Amino acid sequence: MKFLPVIWSNLKRKKLRTTLTLLSILVAFVLFGFLSAIKQALAGGISLEGANRLVVRHKVSIIQLLPESYKARMERIPGVSAATHLTWFGGIYQDPKNFFAQMPVVPEEFLPMHQEFLLKPEEKQAWLRTRTGCIVGRKTAEKFHWKIGDKVPIQSAIWAQTDGNHTWEFEVTGIFDGKDKNTDTTQMFFRYDYFEEARIGAKGQVGWYIVRVADPAQAPQIAKAIDAEFANSPAETKAETEGAFVQAFTRQIGDIALITASIMGAVFFTILLVTGNTMSQSVRERTGEIGVLKAIGFNQGQVLGLILAESCLISLLGGVAGLGLAWVMIGRGDPTGGMLPLFAFPVRDLAIGFIISIVLGVVTGVFPAIYAMRLRVADALRRI
Amino acid sequence: MSNANSEILVDVDGVEMVFRRGAEEIHVLKDLHLKVPKGEFLALMGPSGSGKSTLLNLIGGLDRPTRGKVRIGGEPLEGLSDRRLADWRARHIGFVFQLYNLVPVLSAERNVELPLLLTHLTKAQRQKHVAAALNMVGLSQRARHFPRTLSGGEQQRVGIARAIVTDPTLLLCDEPTGDLDRKAGDEILDLLQALNREQGKTIIMVTHDPHASARASRTVYLNKGQLASEPLQ
């Protein structure tokens, strides 16, 4: 600690250069935070609740429908304890920018299957009583200031009613919360019986199934059994765990992990060069001073430590400021207005960012520090 | 430091220093012998390139001779590792440079404190030593000033305060007045003389200036790597 004033004074030597270096490190870590949050939103939102659930979709594509009659056949497969279906509604509330997912479900099957959604008993009863009723996640309810009893019109680009009208009206009968912060509370669910009766086409067809298995360890075998049950039928299936399903869904965009890793690799490599250059310049400018330090008794290890401490301090200052700024900005919520409901900066990535900032400091400081350590005193003093 | 041979503090015994420039060998010091008794103020004179600063570097443990031995207080320096030599310098040697060599981003008191950072003194103890050293060179009022706001003479006084703050056995001054006008130079020489006479510091001072060497108790001359008691005509 007694060397800290010396290290700090050296950072203040060229204020503009230090400020620019700090800013470049800060921007890199803000970018790191946002990419982590996007990766979390696209690939990381798999709840532990989903460990015992399979998603069964049409083998060709998620947008192909499956017969409603599959439910009973799936429930007869050994190891399957329950099955329920969902269908993509693709609705818009007032403006296309107000994106959130809506799906018709069978409440009596859906709620026991998804215990990560917390709904008050009286609100559940109200939903079961109200044919046009819907339940809405807390985030969406707060975003649009919806409350129990509100009637909300949703216009579907896919589904029309028997009278040709694409606008469906639902009554908010419940607002659900998530069991933990990884639970998506932007969605809206309404009753399938109302949807089935009112829609103009595709009667008896549903989007996909969620199947609960008795033993999560048996999930892969049960998925194979389900696919075998519907093999060679007009609507063959593809069964997979919820985690695999979400990952397959995001793979439509690309390999998110590879994309983010590539971008961050390029950014940090650039920062490595920028900061390394700053440190090298700074140390070479001080060759004479390093000679003086050695003359008055600083040994090689102490000189090495001083330079490394300086590069680590600059890297930590920029890194912590960048991570902090990213934390605050990401904490303000999904910047897309609903496309990334699980947009959050994972604490694990925050810790990784902190470690990266230390590693960055060591890597950028090690070569100038070795140069300073190896300087012969007499040679260094001649360069003043 | 050992007490053996205590009347001789610096013993340079048959030292040779050879630098290589490509295939060429440059003999800077040749079979040089020099003894400096404790408490002496020695001036080392000679033309440029005669090896004065090289000799000072060898005595201060900043460089190692090609042949021969340097003993300070009876302790031979050649057997010390780089790390132990650095520790030895911190305890026994105070350097005063021609261009002051202060760290520009540190205040006068922080510059003087630098050698004390290598000791186990507490912050309060370090501050006490720094205040005493600055007081000795008459710069107590300028302790918080940065080098750029000090005159050349004041900067050299800070340099001397830094050199004496650890109470070293030996002060090595490399042209301490070489960058100063006559008045400021005289003040620095007064200060060195006082340190020698009143505190018994042994001082070896490299200088070109006969006016400065006149303040020393003895002057030796170095020419083409060899010592003489009289300047070469």
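Quick note: the coordinates plus some simple rules give every number you see, no bench work behind them. No experiment lies behind these values; they were computed from the predicted model shown. Neighbour counts run over all protein chains shown; Cβ positions are idealised from the backbone, glycine included.
Using unit Cβ charges (K, R positive; D, E negative) and no other charged atoms, how large, in debye to the nearest 20, is the dipole of chain B about its Cα centre? Could you put the intermediate results ahead of the total?
Numbers: 30 positive and 27 negative charges, 125 e Å.
My answer is approximately 600 debye.
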If you place +1 on the Cβ of every Lys and Arg and -1 on the Cβ of every Asp and Glu, how big does the dipole about the Cα centre of chain A come out, in debye to the nearest 20? 2160 debye
So, with points 7 Å from each Cα along the Cβ direction, the residue B:132-residue A:162 label distance in nm works out to 10.4 nm
Angle check, please: helix A:300-331 long axis (alpha carbons) against the longest principal axis of chain A (alpha carbons), in degrees 0 to 90, nearest 10. 30 degrees
Taking r as the C-beta separation of residue A:350 and residue A:115 and R0 as 30 Å, the FRET efficiency to the nearest 0.05 is 0.55
Can you tell which of A:115, A:21, A:136 lies farthest toward the positive end of the dipole of segment A:1-147, using +1 and -1 charges on the Cβ of basic and acidic side chains (Lys, Arg; Asp, Glu)? A:21
Report the trypsin sites (Lys or Arg not before Pro) located in segment A:184-213 that are in a DSSP loop and have at most 16 other Cβ atoms inside 10 Å of their Cβ, or state none. A:203
For residue A:367 and residue B:7, FRET efficiency with R0 = 45 Å and r from the beta-carbon atoms, rounded to 0.05? 0.40
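Hey, fewest Cβ within 10 Å first, where do B:50, B:229, A:280 land in order?
Details: B:50 22, B:229 8, A:280 15.
By the 10 Å Cβ count, ascending, the order reads B:229, A:280, B:50.
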Violations at 28 Å Cα threshold for listed pairs A:294/B:123; A:2/B:69; B:52/B:128; B:38/B:69 -> A:2/B:69; B:52/B:128
Could you give the radius of gyration (one decimal) and Dmax (whole number) of the Cα atoms in chain B, in Å? 17.6, 54
Put +1 on the Cβ of each Lys and Arg and -1 on the Cβ of each Asp and Glu in the protein assembly as shown; which of B:77, A:170, B:114 then has its Cα farthest toward the positive end of the dipole? B:77
Segment A:177-246: C-alpha gyration tensor shape, a/c 1.5 cut-off, then a/b vs b/c: oblate
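What is the antiparallel percent of DSSP beta bridges lying wholly in segment A:58-179, to the nearest 5?
Working: 9 of 14 bridges.
The antiparallel fraction comes to roughly 65 percent.
Given Cα pairs under 8 Å that are at least 6 residues apart, what percent is the relative contact order of segment A:48-250? Provide the component values of the computation, followed by the final result.
Details: 406 pairs, mean separation 75.8, N = 203.
Taking the mean separation of contacting Cα pairs over the length of segment A:48-250, I get 37 percent.
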Nearest-5 percent of antiparallel DSSP beta bridges in chain A? 75 percent
For residue B:201, the aspartates and glutamates lying under 14 Å Cα to Cα, once residues fewer than eight places off in the same chain are dropped, come out as B:7, B:40, B:167, B:190
Restricted to Cα positions, what overall size does segment A:48-250 have along the principal axes? Three whole-Å values, descending. 45, 38, 33
Within the P(r) computed for chain A, what percentage of the Cα pairs occupies the region above 27 Å? 61 percent
Any chance you could check the Cα centroid distance between segment B:70-148 and segment A:185-232 for me, in angstrom? 79 Å
Label-reachable residues, segment A:355-370, where backbone N falls under 19 Å from a point 7 Å from residue A:17's Cα toward its Cβ: A:361-370
For each pair in A:147/A:181; B:30/B:224; A:143/A:181; A:71/A:181; A:124/A:179, compute the distance between the two Cα atoms and list the pairs where it is over 19 Å. A:147/A:181; A:71/A:181
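How well do other chains shield peptide A:295-307, expressed as the mean number of their Cβ atoms within 10 Å of each residue Cβ?
Working: counts 14, 17, 18, 7, 10, 3, 2, 4, 1, 0, 0, 0, 0.
Average neighbour count from other chains, rounded to a whole number: 6.
Could you check what % of the DSSP bridge pairs in chain B are antiparallel, to the nearest 5?
Numbers: 20 of 37 bridges.
Of all bridge pairs located within chain B, approximately 55 percent are antiparallel.
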Principal-axis tilt of helix A:347-374 within chain A, Cα atoms, nearest 10 degrees: 20 degrees
Cα-based helix-to-principal-axis angle, B:82-92 vs chain B, degrees rounded to 10: 60 degrees
Footprinting proxy, A:4, B:227, A:42: sorted fewest to most Cβ within 10 Å, the residues are A:4, B:227, A:42
Going Cα to Cα from residue A:12, which aspartates and glutamates come in below 12 Å? Please leave out same-chain ones fewer than 8 positions away. A:310
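Please compute, for peptide B:130-136, the average count of beta-carbon atoms on other protein chains lying within 10 Å of each residue's beta-carbon. Before the final figure, lay out the partial values.
Numbers: counts 0, 0, 0, 0, 0, 0, 0.
So the per-residue partner count for this stretch is 0.
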Compute the separation of the alpha-carbon centres of segment B:154-233 and segment A:112-133 and state it in Å as a whole number. 94 Å
For the pair residue B:78 and residue A:258, how long in nm is the line joining their label points, each one 7 Å along Cα→Cβ? 6.5 nm
Estimate the FRET efficiency between residue A:320 and residue B:228 by the formula 1/(1 + (r/R0)^6), using the beta-carbon distance for r and 56 Å for R0, to the nearest 0.05. 0.35
Place +1 on the Cβ of every Lys and Arg and -1 on the Cβ of every Asp and Glu in the protein assembly as shown, take the dipole about the Cα centre, and give the residue among A:271, B:42, A:54 whose Cα lies farthest towards its positive end. B:42
Suppose the chain between residue A:147 and residue A:328 were pulled fully straight at 0.36 nm per residue; how much longer would it get relative to their current alpha carbon spacing? 62.3 nm
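With only Lys, Arg, Asp and Glu charged, each at its Cβ (+1 for the first two, -1 for the last two), find how big the charge dipole of segment A:48-250 is about the Cα centre; round to the nearest 20 debye. The partial results should precede the final answer.
On the way: 24 positive and 26 negative charges, 26 e Å.
Roughly 120 debye for segment A:48-250.
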